[in-house]
10 protein chains.
Amino acid sequence: MIEQRNEIPHLILAAKVRKGLSWSTIADALGQSKEWATAACLGQMALDANQARAAVELFELPEDAAAWLQTVPHKAADNLASDPLVYRLYEVIHVYGGAMKELIHEEFGDGIMSAIDFDMDIQRQDDPKGDRVRIVMTGKFLPYKRY
Amino acid sequence: MIEQRNEIPHLILAAKVRKGLSWSTIADALGQSKEWATAACLGQMALDANQARAAVELFELPEDAAAWLQTVPHKAADNLASDPLVYRLYEVIHVYGGAMKELIHEEFGDGIMSAIDFDMDIQRQDDPKGDRVRIVMTGKFLPYKRY
Amino acid sequence: MIEQRNEIPHLILAAKVRKGLSWSTIADALGQSKEWATAACLGQMALDANQARAAVELFELPEDAAAWLQTVPHKAADNLASDPLVYRLYEVIHVYGGAMKELIHEEFGDGIMSAIDFDMDIQRQDDPKGDRVRIVMTGKFLPYKRY
Amino acid sequence: MIEQRNEIPHLILAAKVRKGLSWSTIADALGQSKEWATAACLGQMALDANQARAAVELFELPEDAAAWLQTVPHKAADNLASDPLVYRLYEVIHVYGGAMKELIHEEFGDGIMSAIDFDMDIQRQDDPKGDRVRIVMTGKFLPYKRY
Amino acid sequence: MIEQRNEIPHLILAAKVRKGLSWSTIADALGQSKEWATAACLGQMALDANQARAAVELFELPEDAAAWLQTVPHKAADNLASDPLVYRLYEVIHVYGGAMKELIHEEFGDGIMSAIDFDMDIQRQDDPKGDRVRIVMTGKFLPYKRY
Amino acid sequence: MIEQRNEIPHLILAAKVRKGLSWSTIADALGQSKEWATAACLGQMALDANQARAAVELFELPEDAAAWLQTVPHKAADNLASDPLVYRLYEVIHVYGGAMKELIHEEFGDGIMSAIDFDMDIQRQDDPKGDRVRIVMTGKFLPYKRY
Amino acid sequence: MIEQRNEIPHLILAAKVRKGLSWSTIADALGQSKEWATAACLGQMALDANQARAAVELFELPEDAAAWLQTVPHKAADNLASDPLVYRLYEVIHVYGGAMKELIHEEFGDGIMSAIDFDMDIQRQDDPKGDRVRIVMTGKFLPYKRY
Amino acid sequence: MIEQRNEIPHLILAAKVRKGLSWSTIADALGQSKEWATAACLGQMALDANQARAAVELFELPEDAAAWLQTVPHKAADNLASDPLVYRLYEVIHVYGGAMKELIHEEFGDGIMSAIDFDMDIQRQDDPKGDRVRIVMTGKFLPYKRY
Amino acid sequence: MIEQRNEIPHLILAAKVRKGLSWSTIADALGQSKEWATAACLGQMALDANQARAAVELFELPEDAAAWLQTVPHKAADNLASDPLVYRLYEVIHVYGGAMKELIHEEFGDGIMSAIDFDMDIQRQDDPKGDRVRIVMTGKFLPYKRY
Amino acid sequence: MIEQRNEIPHLILAAKVRKGLSWSTIADALGQSKEWATAACLGQMALDANQARAAVELFELPEDAAAWLQTVPHKAADNLASDPLVYRLYEVIHVYGGAMKELIHEEFGDGIMSAIDFDMDIQRQDDPKGDRVRIVMTGKFLPYKRY
């Protein structure tokens, strides 16, 4: 039984060596380009149901691998921060962090927005130009104590 | 004469302190939201010709600043992370980043929330238990291309 | 038998994949928002006794998981320093370390406060505006030897 | 003319050396504790208008320093950690941080000790075996919001 | 059964100690210089079929080691970035990244090339002076939103 | 008088802004592609004597710049990585680097794509769904020497 | 059987959760303050023989844990350099390294003290003000070769 | 006029070179060992009033240097580690640090060798096989406080 | 059976705790000083055949430990770069890298020495003042492509 | 007047460019090999009195440079590693460092190749398939002292 998604690329590479498969053959079995298919087999892309089924057969993976292969992986190796979705969130602070600091201080004075007395709501926002992710955060403002 | 683009934010901040300007006033002069305008004044966005002209007048910048302000800056300040206000924003992602990834993928599938086709709004939210900072972000969802 | 708290998120994710659960379903079972519930299942929040019981049933966890889920986790991934409680302690030194250095030197001259001949006492300090954590540290002052 | 806020701490320290001022004298002039006042003079806290005026006089700063001192600084000095006195403070957290986390959670549940609604008092504690530095910190306990 | 290629150097070193082999003896068995052969046994070079067969016999490796030894290893220790092939890709950006930024901004204005709505094609390009790797990338240009 | 080679890119960029030059115009003046010429102006390539002379005239550089521009620079800018445009390029390698390694080795065997005997072409690719950036790179394949 | 000292804190925490012990109860069993006792259970302090015996009973540890608990642990988490005893050795070089360099060069000229042709002797030096650790190092001086 | 304390070591070194002073001469002028005096001149120790006066005369420093030299410096230079002479000292701890920890704990129990109540003596040790650098360090042993 | 050399220090430490041995006793058994013997047992030095035999008996190690203990260990903890032999190679580049760059560019112009089309030969060079390691490297010069 | 030793390499490089000197000419003037002389001019070696005098004349340095050039420098430049030419040298050690360690230990036993009693020779090696850079390094083998 597979316990974590990142066990699967090792199983796939071992099957590829054992069976002498080429990436082109694998790409054909998945019905995608060799570039996308290789990235997917290395754990960087999510498969759809048919592709997951094909991969289980081709690489003789355990049955439960099919469900795991359809989940979205943590991409870009080994830490949360380099996953593309998570990185975009950090980048927002890289680019806007100075502005957020200025605007919160202008409105509230010296202090911080709490990350503890804090809530967040994530929704889909329909948009004819492409739906948007909408994230609303609220955190209590805490002024620096003077003493 | 300005020798590098990154001299300009210092000149702008010094003018802001000297003249006692608020970011809202500055945003009005540039005809953008206060979030975009503040980021731009801190060197994260390129101005158009009219905005550059307005900035030179408002902040009494050297004449050649107008051309520099229309160039695309090297973005992403790198030394903000240990400031307590900014750190709280990063900590939100440290603590909630995995959950945000799960929830966005569950709703949208594999892809990201754009940090480019992105906007943000920061407001005070009155609260009898202590006012809150309210941050609303929306970013276009971009699905991973399959090919 | 569970040996460390951080085994549990892997068990939960594996159950979620195996049983095809959505985060909304999980959030309903825990009686919290999907944002909080997802963060909790990923090991970032402590559950109460009822929620822990519900989680053990929903995810078919080992019995002893219920007690572990009620302990407060080490948050924010993988090192002690990024846990929010511990980070606040470091931040106190980031912000006040220079002042502590100046004040100790002004009182005692060149030297250090020992971290070895050292004791600490942590107490709750009642306060009508919200109870406070009170930490008292004493360490022997050691003057730099001259020779 | 002052071009960036972080020039001011150097001017203050130079004036302190030149005029032989103690931090207690400075704290009296600002009407705050010596801990807060020292941190503020080192660029970690924002002054109010009266304090800024008093600082300009006491340290014979340029006139425009008064406006700068009222802006919120970028906090958190980053190069202190290898100084022996400051390192001992970090080491206390390296060695005791896990214990502090356990004990605060046992008493208060999930949450943090605020580093913002926070105060500190540093005193000499006479001791026949060698005087001790005594540091008392109190910070409001903030429970993690559930929602 | 061997699950990952990096298990093999440990097996080889253990056999070398157990059987008291010298690197010169090993190099003779592989038909290469001692420098190349040692690097190969430590997992830095790919063997050909005859060499892989010889290594399996000499070190009494599991049968499937022969196929693994003919795959190209991840070189230079422990992370993807220091593998020579992958490093060259990063170096292209170290050297040309500034130019790519300038040229894309000159053509498109402020924004980015998407790494999500992105595809890539890798081909051999015949060349009498030595064949070339040809990589074609296309990514949608995303302009920074103004608001 | 120029004291270090890395002063020159700042002088060139300032002249480019002041005179409103495009990179294509500059490339024509140097008689190279816009990709090579931009990299050279940013301090990544050495010019020959004629090009150095042309650059001094075009950018109105001090006379001694001509000799400096013919020296080989210290290459590889190091602070670009957090700029959003440049980060996307790195992310492509984070996500696809493993796949690129597999595919190049499958086609060519053990070796690398040269980043020295290398060229690059960047173009706008019209697309009704939004124009794309198209980057074509070719680099000579270099097989690992066996000896 | 316990193979490394750092297995013990995991066993203690698991027993604490399983048996529902509080840190105060544990501290009473060890006869120390809750702060010291918690740090010791987390692997930061050495127990004496009676305390080790009490801990084995309270937490139902393997018999050989009693001897391990009386050894001095590697403190401060995970690397040798942050252990307090070892850090002091590094700090001596942080503080005195420049002086050591100056004095060795003044006496010997350009070169180094060998760390290979090197020996060390560590002794207790009796001292009525508190015994001292005495470390004598000698290393051959190696002059830089000129050629 | 001196603006920051860390300007003084540069002035001292320049005077030492210009006047051809040896560290022994300097140590005599300050009335301390050559080890302490050199560290102090490099900005690691605070001088007393007489020593500060002597240093100003010996090195022909600006008058206000005398007050600065009596302030406690920020210690611990941070960029020495890659110098070959200094690196060997660090390497001794890399290689022997674990052994030093074991041996000091075996002799003294849990605690550290102080780096504050510490002295050091560096001498040439004649040796027919090549002279040796002899470094003798003594530091007070400080036992961990139990409470 | 021992699979890697770094398993042995754990076995030795466990035997030392179990049997209550002191480092002096161990040093006597190995016939060396306690400093050298401790470092050797912690995996920093190679034993000779008699010492290896004595260690196997004293610590009741597996039989194959004797051969492993006579191999030269990777020293200085955990990464290749801090091993003293390997570090010297890096240091050569730290000290001479700038000179190598200047001299190769002076002879060949802009480009690099290939690390792929590369070979190396390592030999003993007899020398009455002490034998020398002789390393000869040749790599093809690759000029930067202009286009 | 020269204030710090590290100003001198910039002055030397500027003179070399201005006067069109080659490193061989410079080496002749200093009476050393081109490798040693280049390293010395880049601030890695101390000159003797005659060489310092020759350097002042050749490069038309300020008079006080002669005394500075005879002081032992802080060695080991730290920002070279991402330059493509220098990176290839590091990569050789990344890829071959383990093999070099094995082979030197097999030939010489436990110890290192000195980087101090060390010389290097860099030559062009003609080759019809493309000229090669040939680097010969010899360093004295230093066995680890046993005691």
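The values are calculated or read from the model by the stated rules, or taken from the named source; none is laboratory data. These numbers were taken from a predicted model, which means no experiment stands behind them. Counting neighbours? That spans all protein chains shown, and the Cβs are built from the backbone with ideal geometry, glycine included. These accessible areas exclude ligands, DNA and RNA; they are computed on the full protein's heavy atoms, side chains included. Shrake-Rupley method; radii C 1.70, N 1.55, O 1.52, S 1.80 Å.
Label positions at residue C:136 and residue E:48, each projected 7 Å from the Cα along the C-beta direction, are separated by 7.9 nm.
Can you work out the FRET efficiency for the pair residue I:29 and residue A:60, with r the C-beta to C-beta distance and R0 = 41 Å, to the nearest 0.05? Once the sixth-power term is evaluated, E becomes 0.15. Sequence-distant contacts, meaning Cα pairs under 8 Å at least 6 residues apart, place the relative contact order of the range G:5-69 at 34 percent. Specify whether the C-alpha gyration tensor of chain G places it in the rounded, prolate or oblate class, a ≥ b ≥ c being the square roots of the eigenvalues: rounded for a/c under 1.5, otherwise prolate if a/b is larger than b/c and oblate if not. Prolate is the answer for chain G, as a/c is 1.5 or above and a/b outweighs b/c. Between the alpha-carbon centers of the range E:9-28 and the range F:1-80, tell me the distance in whole angstrom. First find each Cα centre; the distance between them is then 54 Å. Partner shielding of G:38-46 amounts to 6, given as the average count of beta-carbon atoms from other chains within 10 Å of each residue beta-carbon.
Defining a contact as two alpha carbons under 8 Å apart and six or more residues distant in sequence, what relative contact order in percent does the range B:2-113 show?
On the way: 88 pairs, mean separation 24.1, N = 112.
Here the relative contact order equals 21 percent.
Averaged per residue, chain I has 37 square angstrom of accessible surface, using a 1.4 angstrom probe with ligands and nucleic acids left out.
Sorting J:124, I:18 by solvent-accessible area of protein heavy atoms yields I:18, J:124, largest first, with a 1.4 Å probe. Remark: the Cα gyration tensor places the range F:66-147 in the oblate category, a/c being 1.5 or greater and a/b not exceeding b/c. Taking all protein chains together and rolling a 1.4 Å probe, residue H:120 ends up with roughly 10 Å² accessible.
Of all the options J:44, J:125, J:32, the one that moves most in a Gaussian network model of chain J with Cα springs shorter than 10 angstrom is J:125.
Using a 1.4 Å probe over the heavy atoms of the protein chains, calculate the carbon and sulfur portion of the accessible area of the range E:5-69 as a whole percent. If you can, show how the numbers build up before the last one.
Values: 1290 of 2450 Å².
Of the solvent-accessible surface of the range E:5-69, carbon and sulfur hold 53 percent.
For chain H, hydrophobic long helices are taken as DSSP H runs at least 24 Å long by C-alpha position along their axis with mean Kyte-Doolittle hydropathy of -1.0 or more; these are H:84-108.
Taking amide H atoms as placed 1.01 Å from N in the peptide plane, the amide H of residue B:33 lies under 5 Å from those of E:147, each 5 or more residues away in sequence or on another chain. Solvent exposure of residue J:69, expressed as accessible area, is near 0 Å², computed with a probe of 1.4 Å over the protein chains only. Based on DSSP H segments of at least four residues, each scored -39500 (n - 2.57), the protein assembly as shown has a per-residue ellipticity at 222 nm of -14500 deg cm²/dmol. The largest accessible area among D:17, H:95 belongs to the first residue in D:17, H:95, and the rest follow in falling order (1.4 Å probe, all chains). A 1.4 Å probe, protein heavy atoms only, puts the accessible area of residue E:145 near 60 Å².
Computed from backbone phi, the HN-Hα couplings of the range G:121-131 come to 9, 10, 9, 7, 10, 5, 7, x, 8, x, 4 Hz, rounded to whole numbers (Karplus: 6.51 cos²θ - 1.76 cosθ + 1.60, θ = phi - 60°; Gly and Pro given as x). Largest accessible area first, the residues A:34, E:101 order themselves as A:34, E:101 under a 1.4 Å probe with ligands, DNA and RNA left out.
Remark: mean inter-chain Cβ contacts per residue of D:122-129 equal 3, using a 10 Å Cβ-Cβ cutoff to other protein chain atoms. With contacts taken as Cα pairs under 8 Å and at least 6 residues apart, the range J:95-140 reaches a relative contact order of 33 percent. Taking a ≥ b ≥ c as the square roots of the Cα gyration tensor eigenvalues, with a/c under 1.5 meaning rounded and otherwise prolate when a/b beats b/c, else oblate, which class fits the protein assembly as shown? Rounded. Note on the range B:92-147 and the range G:131-147: Cα centroid distance 58 Å, given to the nearest whole angstrom. Protection proxy ranking for D:131-144, F:47-60, using the average of other Cβ atoms within 10 Å per residue and placing the highest first: D:131-144, F:47-60. In terms of packing, defined here as the mean over residues of other Cβ atoms within 10 angstrom, the peptides F:83-89, A:106-112, E:62-68 line up highest first as F:83-89, A:106-112, E:62-68.
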